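J.: I have a structure I would like to understand better, so I am pasting it below and will then ask my questions one at a time.
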Amino acid sequence: MKNTIKVLMAKPGLDGHDVGAKVVVQGLKASGFEVVYLGLRQTPERIAEAAKEQNVDVIGISVLSGAHMTICGRLGELLTANGLKDKFWMVGGNIPLNDRDKLRDLGFDGVFPTGTPLDEICNKIKEKLE
Amino acid sequence: MTLRPVKRKMETLKKAAGNAVINESGIEIKKLYTAEDVERSGGVDKSLPGQPPFTRGIHAEMYRKRPWTMRQYTGFANAADTNERFHYLINNGQTGLNVAFDLPTQCGYDSDAPEVSGEVGRVGMAVDSLRDFEIAFEGIDLDQITVSLTINGSAAILIAMYLAMAEKRGYDLKGLRGTAQNDILKEFIGRGTWIFPVQPSMKLVADTVEYCAENAPKYSPVSVCGYHIRESGANPVQEMGYAFCIAKAYIDDVLKRGLDIDEFAGRLSFNFNIFGNLFEQVAKFRAARRLWAKIVLEEYGAKNPKSGWLRMIAGGGGSGLTIQQPENNIVRGAYYALIGALSGAQTMALCCYDEAYTIPSPKAQHISLRTMQLLVEEIGLADTVDPLAGSYYVETLTNQMEQEMVKAMKEVDAQGGIVQAVAEGRIQEQVSIQAYQHQRKLESGEFHKVGVNCYVDEDEEAPDVELHPYAEKDAELQVASLQEVRKTRENFKVEKTLARLKADTQSDRNVMPALIEAVKAYATVGEMTNVLIEVYGRYQEPIRF
């Protein structure tokens with residue numbers, strides 16, 4: 001296990017609401033994680049590619065438009081195809097209660113709806129990876 | 001009903017006696033205000049409403065003559081479903097429309113583009129061609145109900161579509177009213193529906209202003225939004241300061257084209273946020289009206305007092321609402337509406353109580369509309385102009401907020417101006433750091449939020465919120481209707497008009513005439529956007545993290 005946990009964060013799809021994603025990026029950095037933030041309008045293909053290139057431990061996305069099921073389905077397939085199934089996948093944003101288990105079933109270990117405290121996100125990642 | 005036992009965290013109710021109270025804008029609030037404080041901060045503004053610098057309101061009689069326009073943000077699925085909801089709201093006394101578009105429309109894609117999977121009709125109405133606009137506004141009298149289009153990256157195209165639709169229905173563009181958001185600089189700061197790089201995006205805004213000044217002089221082609229900058233983490237002073245820097249950037253560009261300030265400044269409008277501390281917000285609006293009038297009338301030397309009007313929609317309050325105990329958002333909405341009314345907004349739109357979860361239900365929209373109506377009918381908010389004027393506290397705070405706004409604007413100027421600061425991602429970085437600090441204050445309990453860090457229902461059950469259904473079938477229908485339009489239109493006309501659009505874009509002419517021609521030939525949003533991208537390229541977001 002490396003000393004520093006490396007996280008890739010991205011905003012997939014067309015949703016431009018990036019306040020939450022950027023807050024999480026800053027929170028993770030303050031807690032000692034190394035974070036690569038890709039920014040807005042990232043395709044699942046680009047995210048999977050970057051995750052592989054950057055050799056990250058965590059892949060995180062934030063979606064507030066409601067398109068999380070479509071996006072996470074596609075991203076999950078691509079991450080698996082790229083041999084990244086054992087990494088920690090997380091998704092945040094406007095995620096209705098009924099979708100949370102479905103996202104876990106898709107392989108997203110961390111499902112963090114709006115309002116999740118930063119420490120909870122950090123702790124969940126550490127719990128799984130350390 | 002039975003009361004269930006609830007564990008509550010009550011400890012943060014009282015502010016410790018003796019602790020300083022500092023508002024979100026960084027101004028320390030005294031225990032008591034007197035006439036002396038007003039004097040020391042700059043004195044009482046004795047100007048009357050309707051007279052420059054309009055501190056007390058842009059109209060002499062304000063709501064006595066006409067209450068604010070009620071304009072709930074609405075749009076989902078397709079034009080037909082949205083049209084039905086428009087009629088529902090109008091039948092319930094709504095006096096304007098505020099159109100929400102889906103993300104493909106906002107980002108310039110057609111509904112069948114590969115990039116838009118899962119997004120068609122999701123957060124707003126899908127629009128591909130003029131056909132969708134014809135359906136969306138069917139049966140709505142555009143003279144009686146003014147329409148506001150919440151569109152930015154693809155605004156030039158959608159404005160062209162609105163003007164073409166109105167013209168086709170026989171309206172004289174010289175008298176047509178309405179608003180487009182069309183504030184691209186704030187999209188780079190927050191909200192993110194940009195398409196083209198900063199410079200060509202600015203050029204397109206100036207094209208719309210210039211075109212409307214000549215052809216649709218009562219149409220408001222731009223609504224400068226402090227709103228989303230505040231949502232992204234800015235404080236109320238920065239909200240106004242940054243918005244004014246942005247408005248000045250647009251003005252400067254249009255002036256360079258040889259227009260006189262009085263030919264267009266009066267049609268600029270603004271969009272501001274109403275969540276937060278009541279007195280701070282009211283002072284913010286009063287201060288901003290005065291500052292904007294000074295900027296336009298003194299700095300730019302406008303002769304017509306109306307050019308210095310800070311016309312605005314005040315609303316939303318999305319960031320003030322919580323996912324926890326969502327019913328509390330109904331109460332928050334009522335207080336926010338009170339703030340808007342005490343502040344002299346021309347138009348108001350409230351975020352609905354269920355909006356942290358979903359596209360608002362008809363019931364939630366109905367409650368928001370009634371909230372505003374009962375302020376007018378029952379609570380006396382339309383009875384007299386600027387009712388808080390003369391309060392030692394509000395007058396002092398008004399003076400202080402104005403001084404702070406001037407400082408915020410100077411700070412932006414010191415960074416090379418708003419256009420450069422945005423292009424380099426510096427404003428984005430600043431507001432984002434503040435958003436993070438705010439989150440930390442929420443988590444530490446330093447900033448109180450009911451239901452979030454105090455009065456928490458620790459065993460809160462799943463809320464009783466009905467989620468707006470999203471049907472994949474609707475997206476398929478939209479794609480089918482788009483393909484039908486492509487098949488039935490006269491494609492040689494589309495090709496011809498798109499070729500003209502490309503030529504006009506390349507030669508740096510105003511693109512509006514070419515866009516209107518293309519729209520009338522039923523060219524699609526994606527086709528027109530792609531022509532512009534061929535010439536302008538795409539925006540690359542500066543990442544400063």
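J.: Kindly provide the set of residues from the range B:338-364 that are among the aromatic types (Phe, Trp, Tyr) and under 20 Å from B:LEU388 (Cβ atoms), ordered by number. It would help to see each step written out before you state the result.
T.: Step one: filter the range B:338-364 for residues among the aromatic types (Phe, Trp, Tyr), giving B:353, B:357.
The answer is none; no residue qualifies.
J.: Kindly establish whether B:ILE157 is closer than 24 Å to B:GLN483 by Cβ and assigned to a helix (DSSP H, G or I).
T.: yes
J.: Which residues, counting only those in the range B:255-274, are crowded, with 22+ Cβ neighbours inside 10 Å and not small (Gly, Ala, Ser)? Full working, then the answer.
T.: Filtering the range B:255-274 down to residues crowded, with 22+ Cβ neighbours inside 10 Å leaves B:264-265, B:267-274.
Once the filter is applied, which keeps residues that are crowded, with 22+ Cβ neighbours inside 10 Å and not small (Gly, Ala, Ser), the range B:255-274 yields B:PHE264, B:ARG267, B:LEU268, B:PHE270, B:ASN271, B:PHE272, B:ASN273, B:ILE274.
J.: Of the residues B:GLY344, B:GLY333, which single one is free of Cβ contacts under 8 Å to residues at least 60 places away in the same chain, within 20 Å of the chain's Cα centre (by Cα) and buried (at least 21 other Cβ atoms within 10 Å of the Cβ)?
T.: Numbers: B:GLY344 fails: free of Cβ contacts under 8 Å to residues at least 60 places away in the same chain.
Checking each option against the conditions leaves just B:GLY333.
J.: If we keep just the residues of the range A:24-40 that are within 21 Å of A:VAL63 (Cβ to Cβ) and not in a helix (DSSP H, G or I), which is farthest from the other protein chains (Cβ to nearest Cβ)?
T.: Narrowing the range A:24-40 to residues within 21 Å of A:VAL63 (Cβ to Cβ): A:24-28, A:33, A:35-40.
From the residues that got through so far, the ones that are not in a helix (DSSP H, G or I) too are A:33, A:35-40.
On the way: A:PHE33: 12, A:VAL35: 7, A:VAL36: 9, A:TYR37: 5, A:LEU38: 7, A:GLY39: 5, A:LEU40: 5 Å.
Top of the filtered list is A:PHE33.
J.: Please pick out the residue among B:PRO200, B:PRO217 that is away from chain A (no Cβ under 14 Å), touching a residue at least 12 places away in the same chain (Cβ under 8 Å) and assigned to a loop (DSSP other than H, G, I, E, B).
T.: Working: B:PRO200 fails: assigned to a loop (DSSP other than H, G, I, E, B).
From the options B:PRO200, B:PRO217, the qualifying one is B:PRO217.
J.: Of the residues in the range B:457-477, how many are away from chain A (no Cβ under 11 Å) and among the hydrophobic types (A, V, I, L, M, F, W, C)?
T.: Number satisfying all stated conditions: 2.
J.: May I pose another question? For the range B:154-197, name all the residues that are away from chain A (no Cβ under 14 Å) and either basic (Lys, Arg) or free of Cβ contacts under 8 Å to residues at least 40 places away in the same chain (or both).
T.: Those that are away from chain A (no Cβ under 14 Å) and either basic (Lys, Arg) or free of Cβ contacts under 8 Å to residues at least 40 places away in the same chain (or both): B:TYR162, B:MET165, B:ALA166, B:GLU167, B:LYS168, B:ARG169, B:GLY170, B:TYR171, B:ASP172, B:LYS174, B:ARG177.
J.: Identify all residues within the range B:445-470 that are within 24 Å of B:ILE22 (Cβ to Cβ) and over 31 Å from the mean Cα position of the chain (by Cα); write none if there are none.
T.: Just the residues of the range B:445-470 that are within 24 Å of B:ILE22 (Cβ to Cβ), to begin with: B:445-455.
B:TYR455 - this is the single residue of the range B:445-470 that is within 24 Å of B:ILE22 (Cβ to Cβ) and over 31 Å from the mean Cα position of the chain (by Cα).
J.: Just the residues that are charged (D, E, K, R), more than 22 Å from B:GLU429 (Cα to Cα) and either over 12 Å from the mean Cα position of the chain (by Cα) or surrounded by fewer than 18 Cβ atoms within 10 Å (Cβ to Cβ) (or both), please, taken from the range A:27-60. Explain how you work it out, then say what you get.
T.: So in the range A:27-60, the residues charged (D, E, K, R) come out as A:29, A:34, A:41, A:45-46, A:49, A:52-53, A:57.
Now restrict to residues that are more than 22 Å from B:GLU429 (Cα to Cα): A:45-46, A:49, A:52-53, A:57.
Result: A:GLU45, A:ARG46, A:GLU49, A:LYS52, A:GLU53.
J.: Something else: Regarding B:GLU355, is this residue charged (D, E, K, R) and at pLDDT below 95?
T.: Working: charged (D, E, K, R): yes; at pLDDT below 95: yes.
Taking the combined requirement at face value, the residue satisfies it.
J.: Given (1) outside any helix (DSSP H, G or I); (2) touching a residue at least 40 places away in the same chain (Cβ under 8 Å), where does A:ALA21 come up short, assuming only one miss?
T.: Among (1) outside any helix (DSSP H, G or I); (2) touching a residue at least 40 places away in the same chain (Cβ under 8 Å), the lone unmet condition for A:ALA21 is (1).
J.: Is it true that some residue in the range B:534-543 is free of Cβ contacts under 8 Å to residues at least 12 places away in the same chain and not hydrophobic (A, V, I, L, M, F, W, C)? Talk me through it step by step, then tell me what you get.
T.: Filtering the range B:534-543 down to residues free of Cβ contacts under 8 Å to residues at least 12 places away in the same chain leaves none.
The answer is no; no qualifying residue exists.
J.: Ok, one more. What are the pairs with Cβ atoms under 9 angstrom where one residue, in the range B:387-410, is small (Gly, Ala, Ser) and the other, located anywhere, is surrounded by fewer than 18 Cβ atoms within 10 Å (Cβ to Cβ)? Sequence gap at least six, or different chains.
T.: Between residues of the range B:387-410 that are small (Gly, Ala, Ser) and residues that are surrounded by fewer than 18 Cβ atoms within 10 Å (Cβ to Cβ), the close pairs are B:ALA389/B:VAL44; B:GLY390/B:VAL44; B:SER391/B:TYR33.
J.: Which helices (runs of 4 or more DSSP H) sit wholly inside the range B:380-456 and have at least 3 residues that are among the acidic types (Asp, Glu)? Outline the logic, then answer.
T.: Details: elements: B:392-414, B:418-423, B:426-444.
Counting at least 3 such residues, we get B:392-414.
J.: Right, something else. Could you please let me know if A:LEU8 is assigned to a strand (DSSP E or B), more than 9 Å from chain B (Cβ to nearest Cβ) and crowded, with 22+ Cβ neighbours inside 10 Å? Walk me through it before giving the result.
T.: Details: assigned to a strand (DSSP E or B): yes; more than 9 Å from chain B (Cβ to nearest Cβ): yes; crowded, with 22+ Cβ neighbours inside 10 Å: yes.
Taking the combined requirement at face value, the residue satisfies it.
J.: Would you mind stating whether B:ARG56 is among the charged types (D, E, K, R), more than 25 Å from B:LYS168 (Cβ to Cβ), crowded, with 23+ Cβ neighbours inside 10 Å and in contact (Cβ under 8 Å) with a residue 40 or more places away in the chain? Before the answer, list the steps.
T.: Values: among the charged types (D, E, K, R): yes; more than 25 Å from B:LYS168 (Cβ to Cβ): yes; crowded, with 23+ Cβ neighbours inside 10 Å: yes; in contact (Cβ under 8 Å) with a residue 40 or more places away in the chain: yes.
When the stated conditions are applied, B:ARG56 passes them.
J.: Say whether the condition of being within 30 Å of B:PHE447 (Cβ to Cβ), away from chain A (no Cβ under 14 Å) and at pLDDT 95 or above is met by at least one residue in the range B:49-67. If you could, list the steps in order and put the result at the bottom.
T.: First, the residues of the range B:49-67 that are within 30 Å of B:PHE447 (Cβ to Cβ): B:55.
From what is left, the residues that are away from chain A (no Cβ under 14 Å) are B:55.
Now narrow it down to the ones that are at pLDDT 95 or above: B:55.
Yes; the residues of the range B:49-67 include at least one that is within 30 Å of B:PHE447 (Cβ to Cβ), away from chain A (no Cβ under 14 Å) and at pLDDT 95 or above.
J.: I would also like to ask the following. When the residues of the range B:226-240 are filtered to those that are within 14 Å of another protein chain (Cβ to nearest Cβ) and aliphatic (A, V, I, L, M), which remaining residue is nearest to the chain's Cα centre (by Cα)?
T.: B:ILE229
J.: Is one or more of the residues making up the range B:421-435 within 30 Å of B:ASN215 (Cβ to Cβ) and away from chain A (no Cβ under 14 Å)?
T.: Narrowing the range B:421-435 to residues within 30 Å of B:ASN215 (Cβ to Cβ): B:422.
Now narrow it down to the ones that are away from chain A (no Cβ under 14 Å): B:422.
Yes: the range B:421-435 contains one or more residues that are within 30 Å of B:ASN215 (Cβ to Cβ) and away from chain A (no Cβ under 14 Å).
J.: When you scan the range B:91-98, do you find a residue that is away from chain A (no Cβ under 14 Å), within 25 Å of B:ILE313 (Cα to Cα), among the aliphatic types (A, V, I, L, M) and in contact with a Phe, Trp or Tyr (Cβ under 7 Å, 6 or more places away or on another chain), even just one?
T.: Just the residues of the range B:91-98 that are away from chain A (no Cβ under 14 Å), to begin with: B:91-98.
Those still in the list that are within 25 Å of B:ILE313 (Cα to Cα) too: B:91-98.
From what is left, the residues that are among the aliphatic types (A, V, I, L, M) are B:97.
Right, trim to in contact with a Phe, Trp or Tyr (Cβ under 7 Å, 6 or more places away or on another chain) and you get B:97.
Yes, the conditions are met somewhere in the range B:91-98.
J.: Tell me yes or no: at least one residue of the range B:370-377 is in contact with a strand residue (DSSP E or B) (Cβ under 6 Å, 6 or more places away or on another chain) and within 24 Å of B:GLY96 (Cβ to Cβ). Steps first, answer last, please.
T.: Step one: filter the range B:370-377 for residues in contact with a strand residue (DSSP E or B) (Cβ under 6 Å, 6 or more places away or on another chain), giving B:372.
Then drop every residue that is not within 24 Å of B:GLY96 (Cβ to Cβ), which leaves B:372.
For the range B:370-377, residues in contact with a strand residue (DSSP E or B) (Cβ under 6 Å, 6 or more places away or on another chain) and within 24 Å of B:GLY96 (Cβ to Cβ): present.
J.: A follow-up question, please. Please find, among B:GLN506, B:GLN540, the residue that is modelled with pLDDT of 95 or more, exposed (fewer than 13 other Cβ atoms within 10 Å of the Cβ) and within 14 Å of chain A (Cβ to nearest Cβ). It would help to see each step written out before you state the result.
T.: Details: B:GLN506 fails: within 14 Å of chain A (Cβ to nearest Cβ).
Testing whether each residue is modelled with pLDDT of 95 or more, exposed (fewer than 13 other Cβ atoms within 10 Å of the Cβ) and within 14 Å of chain A (Cβ to nearest Cβ) leaves just B:GLN540.
J.: Look through the range A:94-130, keep the residues that are in contact (Cβ under 8 Å) with a residue 60 or more places away in the chain, away from chain B (no Cβ under 11 Å) and not hydrophobic (A, V, I, L, M, F, W, C), and return whichever of them is farthest from B:GLN324 (Cα to Cα).
T.: In this case the residue turns out to be A:GLU130.
The values are calculated or read from the model by the stated rules, or taken from the named source; none is laboratory data. Nothing here was measured: the structure is a model prediction, and the numbers come from that model. For neighbour counting, all protein chains shown are included, and Cβ atoms are generated from backbone atoms with ideal geometry for every residue, glycine included.
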